[in-house]
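**Student:** Encoded as structure tokens, here's the structure I'll be asking about.
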Amino acid sequence: MIAPGRSGGGRAAGGFTLVEVVVALTILSLIMLATVTALRTLANTQGTLERVTARIDEVRTVSGFLRDLMEAAVVGEGGSGGGLALGGSSRQSAYFEIGDDALAWKATVLFGEGFGGTYLVQVAREEDLLLLRWLEPLPSMAAQVDWSQAATRPLVLGLEEFAIAWRENHDQPWQQEWVKGDKARWVRLQIKAAGRHWPELIMQVPQ
């Protein structure tokens, strides 16, 4: 006969043993650990994707801007090989210079709707920055360009490498030594920033 108040299984009704509680807590801990790890991995992946996307956007924006700026180069009697040919109307003079860490030319620049004009522009490395400089054309062909007086805007931060090469024809090897009077029809820019190499930027110089 079963005594009153006792169940047939010999255990209080609805109760859990210590082993069952430990097993349940262990399983719950494993589930929480897996959830936290998954969330952390997702956050890291999202951060990596955002950095990669930002880098791609930077490369696309800067490269497109430089291409457009080169396409807007002013050509004329000076051509790309004139070195320094300033003065006169924008249709009759041109300016093009290549240095160790700088590329400069004369271009028509637009600063928004209804604003802009013809400027001397320079893309140059300064420490860990790639800078864009611009100033108004000089009135005299004999005058030297003082880029310290130019307006400046950073294009690339964390710059590690900046190399300029040029060639006159597409079937010629790239050259890095620029002499006044040389004619550059193609310019190649190699950029490394924030530990990453950019795709080579090759631009055709208007003639």
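**Student:** Working only within segment 125-146, note down all residues that are over 15 Å from ALA107 (Cβ atoms) and either at pLDDT 90 or above or among the basic types (Lys, Arg) (or both).
**Tutor:** Residues satisfying the conditions are ARG125, GLU126, GLU127, ASP128, LEU129, LEU130, LEU131.
**Student:** Can I ask one more? ALA94 - would you say it is out of contact with any Pro (no Cβ under 6 Å at 6 or more places or on another chain), at pLDDT below 85, under 16 Å from MET70 (Cα atoms) and not charged (D, E, K, R)?
**Tutor:** In short, yes.
**Student:** Out of (1) under 30 Å from LEU159 (Cβ atoms); (2) at pLDDT 75 or above, what's the single condition that is false for THR48?
**Tutor:** With (1) under 30 Å from LEU159 (Cβ atoms); (2) at pLDDT 75 or above applied to THR48, the lone miss is (2).
**Student:** Condition test on PRO206, is it in contact with a helix residue (DSSP H, G or I) (Cβ under 9 Å, 6 or more places away or on another chain), closer than 16 Å to VAL59 by Cβ and either of a type outside the set (Val, Ile, Thr) or outside any strand (DSSP E or B) (or both)?
**Tutor:** Values: in contact with a helix residue (DSSP H, G or I) (Cβ under 9 Å, 6 or more places away or on another chain): yes; closer than 16 Å to VAL59 by Cβ: no; either of a type outside the set (Val, Ile, Thr) or outside any strand (DSSP E or B) (or both): yes.
Against the criterion (in contact with a helix residue (DSSP H, G or I) (Cβ under 9 Å, 6 or more places away or on another chain), closer than 16 Å to VAL59 by Cβ and either of a type outside the set (Val, Ile, Thr) or outside any strand (DSSP E or B) (or both)), PRO206 does not qualify.
**Student:** So the check is Cβ under 9 Å with 6+ separation or different chains; which pairs have a first residue in segment 20-47 that's surrounded by 10 or more Cβ atoms within 10 Å (Cβ to Cβ) and a second one that's at pLDDT below 90?
**Tutor:** Partner pairs satisfying both residue conditions: ALA24/PHE16.
**Student:** Quick one: in segment 168-202, of everything that is under 15 Å from GLU71 (Cα atoms) and touching a Phe, Trp or Tyr at 6+ places or on another chain (Cβ under 7 Å), which residue is surrounded by the most Cβ atoms within 10 Å (Cβ to Cβ)?
**Tutor:** This residue is ALA184.
**Student:** Next question, about the same structure. Among the residues of segment 151-207, write down those that are more than 24 Å from the chain's Cα centre (by Cα) and of a type outside the set (D, E, K, R). Talk me through it step by step, then tell me what you get.
**Tutor:** Keep residues of segment 151-207 that are more than 24 Å from the chain's Cα centre (by Cα), which gives 167-173, 175, 177-185, 206-207.
Of everything in segment 151-207, those that are more than 24 Å from the chain's Cα centre (by Cα) and of a type outside the set (D, E, K, R) turn out to be ASN169, HIS170, GLN172, PRO173, GLN175, TRP178, VAL179, GLY181, ALA184, PRO206, GLN207.
**Student:** Among the residues of segment 156-191, count how many are of a type outside the set (Val, Ile, Thr), assigned to a strand (DSSP E or B) and farther than 18 Å from GLY99 by Cα.
**Tutor:** The number of residues fulfilling the criteria is 1.
**Student:** Here is a list: SER80, SER63. Which entry is at pLDDT 90 or above and touching a strand residue (DSSP E or B) at 6+ places or on another chain (Cβ under 7 Å)? Break it down into steps so the answer makes sense when it comes.
**Tutor:** Working: SER80 fails: at pLDDT 90 or above.
Being at pLDDT 90 or above and touching a strand residue (DSSP E or B) at 6+ places or on another chain (Cβ under 7 Å) holds for just one of SER80, SER63, which is SER63.
**Student:** Additional query: Taking into account only those residues within segment 157-167 that are surrounded by fewer than 16 Cβ atoms within 10 Å (Cβ to Cβ) and not charged (D, E, K, R), which is farthest from ARG67 (Cα to Cα)? Don't jump to the end; show me each part of the working.
**Tutor:** First pass over segment 157-167, keeping only residues surrounded by fewer than 16 Cβ atoms within 10 Å (Cβ to Cβ): 157-158, 160-161, 163.
When the remaining residues are screened for being not charged (D, E, K, R), the result is 157-158, 163.
Details: LEU157: 19, GLY158: 21, ALA163: 16 Å.
Only one residue tops the list, namely GLY158.
The values are calculated or read from the model by the stated rules, or taken from the named source; none is laboratory data. Note that this is a predicted model, so its numbers are computed, not measured. Virtual Cβ from ideal backbone geometry, glycine too; neighbours counted across all protein chains shown.
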